[in-house]
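For reference, the structure is listed below as structure tokens.
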Amino acid sequence: MKSEFLLQIKDLKASIDNKSIIKGLSLEVKPGEIHAIMGPNGSGKSTLANVLTGRDLVTVTDGSVTFEGRNLLDMSPEERAREGIFLSFQYPIEIPGVSMVNFMKTAINEQRKHRGLEPLSASEFLSQMREKKELVEIDSALTNRSVNEGFSGGEKKKNEIFQMAMLEPRLALLDETDSGLDIDALRIVANGVNKIRSADTSVIVITHYQRLLDYIIPDFVHVMFDGRIVKSAGPELALELEKRGYDWIRKEADIAEESWITDRKL
Amino acid sequence: MENDQDKVLNEVTSGEYKYGFVTDIETEVIPKGLTEDVVRLISAKKQEPEWMLEFRLKAFRHWLTMKMPAWANLKIPEINYQDIIFYAAPRQRPAPGSLSEVDPQLIKTFDKLGIPLEEQKRLTGVAVDAVMDSISVKTTFRETLAELGIIFCSFSEAVREHPSLVQKYLASVVPYTDNFFATLNSAVFSDGSFCYIPKDVRCPMELSTYFRINTSNTGQFERTLLIADEESYVSYLEGCTAPMRDENQLHAAVVEIVAERGAEVKYSTVQNWYPGDRDGKGGILNFVTKRGMCKGDDSKISWTQVETGSAITWKYPSCILRGNNSTGEFYSVAVTNNYQQADTGTKMIHIGKNTKSTIVSKGISAGFGQNSYRGLVKVLGKAEGARNFSQCDSLLLGDKCGAHTFPYIEVDNPSAIVEHEATTSRIGEDQIFYCNQRGISTEDAIGLIVNGYAREVINKLPMEFAVEAQKLLQISLEGSVG
Ligand SMILES: Nc1ncnc2c1ncn2[C@@H]1O[C@H](COP(=O)(O)OP(=O)(O)OP(=O)(O)O)[C@@H](O)[C@H]1O
Ligand SMILES: [Mg+2]
């Protein structure tokens, strides 16, 4: 049975070291949609990305997550990646001694194998590298180095988008890919995202700033607060947040929470 | 090349020790234990001349006065020398009507190890001396090599056929009094390879020795002597495996290299003796003395080792840089997983003027493995202009393993330049996850990271063995994370 949703999160609860972090979160993403998630520091945005990508330091305690109708939580992290979930890390990891080329080639071919495709030939691979490098305007000097080793903050973020472009995911999670970027880099990153955006590629953009959303126009903006999505609306919500901050939402949310508590059958 | 490497890496699916089988072949063994009579018996079995027996006896008598060294950073189980068989030889029964003088059982065994003994099946460009337990089974390509005047044969044969060369060079680099295990080896050594490259000859193929322990309760004590005459060149490789057994088995080898003026010797080892099981039961106790003498000016000896096997490794391939402008190199990757222990490194002794040495040591520890680098750089008073560069890196997987470095530097000449760098790093859970998130499995991620880390050393190996070594590194670390 094919679901109309690419990703469907239902009443998700998750904790780290027995501390509850995600406290009942639901989100539905259809193919081709762009969702922005905003929210104050520590509200659980990266934790949500970790749950979706299968990082084992987070324990799911309740709820369900399906990806194309299949139970995502049953899959290993690499299986999720091979199924087409890509995370642009908030803090990309350095892997000394492993060349970008070798890393990318291994990743692509593992994903191809999963889809029953032959590995790329060396020349196909290199031409794909070249094409995507141009797309994100990343220097060859960078892709000839070890994975993220000694890259500047902005270079690391660009490198994430480069990898995204190479891997052509079905669902891209961008965790604050815009922070630490100069204006040019921001445009490049947004460009990269808009290029992979298609009828069946969806994107979840986690960000603190409206400025990225000037380039990547979201279909929905969600505000996350203490492990929950407390408000969802169209792109205008981001503008409002930029103007007014989070306080008004906090108040609204408190009220909502109270009513939710009193409504509950005990 | 990269494609090839990937393919090999991908083929690896199981973390079990692949070489743990036993060959069912009739074997001639002598009774357990070590006495002067046993030394005489070994010598007699090998039909050795009197001078060889005298050498053994001298060594044996000296050994009786020695104690096992205790300075290594190793926990060594008690070794009962009266409980070891010092000579075991497969009884060969050639197939009737076959041209080959080798027992088909042995051909099958070495085939299974990936070492075909029939020359037409061999990768071109590699000659092999195959040693099982105490004897050499077969040396390939000897006729081809003989045309160039190269002698490549078993050590026993060299004693019979080339006694003057053996007498001239044997124990000239590792004297029989050198250390407990070298002395033991001098008394009871069984077989090994002998190689002589004449003046001005560049050996056209890789020479290699493949050591296999088969019989239980046996020790293996091979002896290798490699002589590169003036302006010659040879690249030599040794590999080794053993069956899986619950008891420890002793391996105490000696390798001596002599490089005359302008000669160059590359000696590579891929050591994959049985490492014991996950709980540290069984495995080979590997106590090896390897030393090369850059005897003539402008000579060069280069050691490359990839050590993944053995329960315990105690091994310091060294160079005595006697000739002026001579060069010594040591490139090492040592892996300890589960309960494996390694204390390995090198000695670079600078005697001649303008001598150079390079040490690159990469230790990888996982599980409860303990990995020590121990190295000595010694510059004598007359070694004007000596230079050394040492790089010792440790990589840790998990938090129950250990890495240690013991660098010793003794410099008696003020013009010497000695540099030492050391780093310790850890494969982090975050690095593995980053790879996972791109679709790379944990095993492959470790393979990528470890091979990247060890690349500088692996690149020094002859190409086809480099691929093999990469594969080994990955296999030996499987199951070490997550
Ligand atoms: N590994 C961890 N161990 C313990 N607590 C953690 C861990 N990771 C996250 N947390 C906690 O979980 C909560 C949510 O963190 P998370 O990183 O998801 O927030 P975020 O919304 O991404 O914040 P930011 O906007 O600052 O990136 C925080 O209170 C944080 O301290
Ligand atoms: Mg975050």
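The values are calculated or read from the model by the stated rules, or taken from the named source; none is laboratory data. The model shown is predicted, which means the values in this text are computed figures rather than measured ones. As a convention, Cβ positions derive from the backbone with ideal geometry for all residues, glycine included, and neighbour counts pool all protein chains shown. Each accessible area value is taken on the protein alone, full model and side chains, heavy atoms only, with ligands, DNA and RNA left out. Shrake-Rupley method; radii C 1.70, N 1.55, O 1.52, S 1.80 Å.
Annotations
- Peptide A:94-101 - average C-beta neighbours from other chains (10 Å radius): 6
- Packing-based order for B:65-74, B:278-287, A:69-78, B:223-232, using average beta carbon neighbours within 10 Å, highest first: B:223-232, B:278-287, A:69-78, B:65-74
- Projecting the Cα atoms of A:N71, A:L25, A:G39 onto the charge dipole of the range A:3-107, computed from C-beta unit charges around the Cα centre, puts A:G39 farthest toward the positive end.
- With a 1.4 Å probe rolled over the protein heavy atoms of all chains, the accessible area of B:F152, B:F389 falls in the order B:F389, B:F152, largest first.
- Peptide B:368-380 shows a mean partner chain C-beta count of 0 within 10 Å per residue C-beta.
- Given charges at Cβ of Lys, Arg, Asp, Glu: the range B:211-341 dipole, positive-most of B:L237, B:G328, B:N217: B:N217
- Residues whose amide H comes within less than 5 Å of that of A:T201, counting only those at least five positions distant or on another chain, are A:G32 (H built at 1.01 Å from N in the peptide plane).
- 3J(HN,Hα) along the range B:163-168: x, 5, 5, 4, 5, 5 Hz, from the Karplus curve 6.51 cos²θ - 1.76 cosθ + 1.60 with θ = phi - 60°, whole Hz, x for Gly and Pro.
- Helix screen, chain A: DSSP H segments with Cα axial length of 18 Å or more and mean Kyte-Doolittle hydropathy at least 0.5 are A:183-196.
- Summing +1 for each Lys or Arg and -1 for each Asp or Glu among the other residues whose beta-carbon sits under 13 angstrom from that of B:V288 gives -2.
- A 1.4 Å probe over all protein chains sorts A:E131, B:E238, A:E118 by accessible area into A:E118, A:E131, B:E238, starting with the largest.
- Accessible surface computed residue by residue for the protein assembly as shown, with neighbouring protein chains in place and a 1.4 Å probe, gives 40 Å² per residue.
- Backbone HN-Hα couplings from phi across the range B:83-90 [Karplus 6.51/-1.76/1.60, Hz, Gly and Pro as x]: 10, 10, 8, 9, 8, 9, 9, x
- Accessible-area value, A:Y209, 1.4 Å probe, nucleic acids and ligands omitted, Å²: 110 Å²
- Three semi-axes of the equivalent ellipsoid, the protein assembly as shown, Cα gyration tensor, whole Å, largest first: 61, 26, 24
- The string of couplings for the range A:72-87 from the Karplus curve (6.51, -1.76, 1.60, θ = phi - 60°) is 6, 5, 7, 8, 6, x, 5, 5, 4, 4, 5, 6, x, 9, 10, 10 Hz, one whole number per residue in order, with x for Gly and Pro.
- Averaging the sequence gap over all C-alpha pairs within less than 8 Å and six or more residues apart, then dividing by the number of residues, gives chain A a relative contact order of 26 percent.
- Computed FRET value (nearest 0.05) for A:D11 with A:H208, which takes r as the C-beta separation and R₀ as 30 Å: 0.70
- Estimated FRET transfer efficiency (B:T35, B:E247; beta-carbon r; R0 22 Å; 0.05): 0.50
- Summarising the amide proton neighbourhood of B:V418: residues at separation of 5 or more, or on other chains, whose placed amide H is nearer than 5 Å comprise B:N388.
- Size of electric dipole in the protein assembly as shown: Cβ of Lys, Arg +1 and of Asp, Glu -1, about Cα centre, debye, nearest 20: 900 debye
- Measuring against 19 Å, Cα to Cα, the residue pairs A:K10/A:K45; B:K266/B:K290; A:K105/A:K133; B:K266/B:K347; B:K108/B:K290 contain B:K108/B:K290 as the ones spanning a longer distance.
- Across peptide A:137-147, the mean count of Cβ atoms from other chains lying within 10 Å of each residue's own Cβ comes to 1.
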